[in-house]
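K.L.:
The structure under discussion is supplied below as structure tokens; questions concerning it will follow.
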Amino acid sequence: MKPLRRHWILLVPAQSLLVLVLFVPSLVVFWLSLTRSTYGVRPVWVGLANYATVLSDPYFWTATLNTAIVVNAVVFGEFLLALAVAMLFAGWIPLRRLMIALVLAPYAISEVVSVVIWKFMMEPYAGPVTQALHAMGLPALDWAVEPSHGLAMVILLSIWHHLPFTFIILYTALLGIPRDLYEAAQVDGAGAWRKFLHVTLPLLIPAILVALVFRYIFAFRIFSEVWLLTGGGPARTTEVLAVYLYRQAFRYADFGTAAATGWLMLVASLLMGSWYIYQMYKRMFAHASR
């Protein structure tokens with residue numbers, strides 16, 4: 001028991017830091033969500049009134065729908081593209097190290113700089129990408145006016161910026177697959193598609209689950225791309241939950257409803273990620289404990 005006790009003692013500093021940084025502030029925000037609070041005023045207990053206010057606000061449901069669209073499009077679009085690029089890089093490709101550096105480069109750029117670059121390239125009247133699309137006879141994204149175009153712009157920007165994260169997880173997992181399995185599948189007469197379905201994909205499932213659960217968590221909190229690109233406009237039609245929370249807290253100084261929105265986002269993200277976490281546990285840990 002002594003080594004076990006020593007292990008727990010060594011974990012105390014890290015666990016204490018997590019409690020102070022995450023758990024205690026979460027409880028404070030939950031308490032704040034049950035009060036009416038603003039600048040210079042003592043919080044007044046209102047119970048679940050803030051949650052009722054948020055859930056009855058049509059802007060909240062617009063932001064929820066936009067968040068669901070953006071999150072799912074970003075996560076699965078990014079996953080499919082990252083998987084394709086990882087499969088390409090796991091095979092033969094010239095100048096592999098240079099190409100990998102180019103793929104990882106967007107992750108080194110801050111979100112603010114990324115938005116500025118994309119706003120310049122996709123400027124509706126004089127942007128180089130817009131001019132190229134017009135030259136090919138294709139319509140450009142009028143993201144400053146059209147809500148659907150604004151969301152599409154946010155999705156493309158987010159996929160481009162965060163693709164390296166998903167790519168590096170899938171690529172390293174692909175490199176860890178033993179080549180003997182592919183040779184055995186080839187001896188059995190399996191083609192490229194059957195090798196992918198019966199060898200590559202099953203062995204990639206743990207890495208895929210890790211990539212998806214992290215990207216769901218990160219994408220659900222998307223803020224900078226929307227706020228800096230469209231500001232939630234026009235008329236709050238491209239607003240997502242993080243932007244809605246920001247408006248409630250710092251534009252309208254209603255900290256109670258902002259805190260309630262934050263907790264609703266937490267519950268929603270836990271519900272979305274619970275299935276992936278369960279599958280990850282079942283595949284990575286359940287069999288090891290038998």
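No lab work stands behind these numbers, since they all come straight from the coordinates. Treat the numbers as computed from the prediction; the structure is a model and nothing was measured. Cβ atoms come from the backbone with ideal geometry, glycine included; neighbour counts cover every protein chain shown.
K.L.:
Ordered by packing density, taken as the mean number of other Cβ atoms within 10 Å over each peptide's residues, highest first, how do 159-170, 245-256 rank? Don't skip to the answer; put the middle values down first.
P.N.:
Numbers: 159-170: 21.1, 245-256: 18.0.
Per-residue mean Cβ counts within 10 Å order the peptides as 159-170, 245-256.
K.L.:
Now a separate question. Residues with beta-carbon under 12 Å from that of N50, excluding N50: net charge, scoring Lys, Arg +1 and Asp, Glu -1?
P.N.:
Working: positive: R36; negative: D57, D254.
Once all neighbours under 12 Å are counted, the net charge is -1.
K.L.:
I'd like to verify something in the chain: which complete DSSP H helices, judged by Cα projection on the helix axis, reach 18 Å or more and average at least 1.0 on the Kyte-Doolittle scale?
P.N.:
Passing helices, by number: 58-90, 147-175, 201-220.
K.L.:
Right, here's the next one. Using a 10 Å cut-off on Cβ atoms, rank the peptides 44-55, 8-19 from the highest mean neighbour count down.
P.N.:
Result, highest mean Cβ count within 10 Å first: 44-55, 8-19.
K.L.:
In whole angstrom, how far apart do the alpha carbon centroids of the stretch 130-155 and the stretch 1-80 sit?
P.N.:
35 Å
K.L.:
I would also like to ask the following. Any idea what the relative contact order of the stretch 34-159 is, in percent, if you count C-alpha pairs under 8 Å spaced at least 6 apart?
P.N.:
This gives 19 percent for the stretch 34-159.
K.L.:
Sticking with this one: Can you give the local net charge around A126? Use residues other than it whose beta-carbon is closer than 14 angstrom to its beta-carbon, Lys and Arg +1, Asp and Glu -1.
P.N.:
Net of charged neighbours comes to -1.
K.L.:
Show the residues, 5+ positions off or on another chain, whose built amide H is closer than 5 Å to the amide H of T35.
P.N.:
V46
K.L.:
Out of (1) 20.5; (2) 22.9; (3) 22.3, which label holds the value of Kirkwood radius over Cα pairs in Å that was computed here?
P.N.:
Computed from these coordinates, Kirkwood radius over Cα pairs in Å corresponds to label (3).
K.L.:
Counting pairs of alpha carbon atoms under 8 Å apart in space and at least six apart in sequence, what relative contact order in percent does the stretch 56-286 give?
P.N.:
So the answer I get is 28 percent.
K.L.:
Same structure again: Take peptides 202-215, 264-277 and line them up by average Cβ neighbours within 10 Å, highest first, as a rough protection proxy.
P.N.:
Going by the mean number of other Cβ atoms within 10 Å, highest first, we get 202-215, 264-277.
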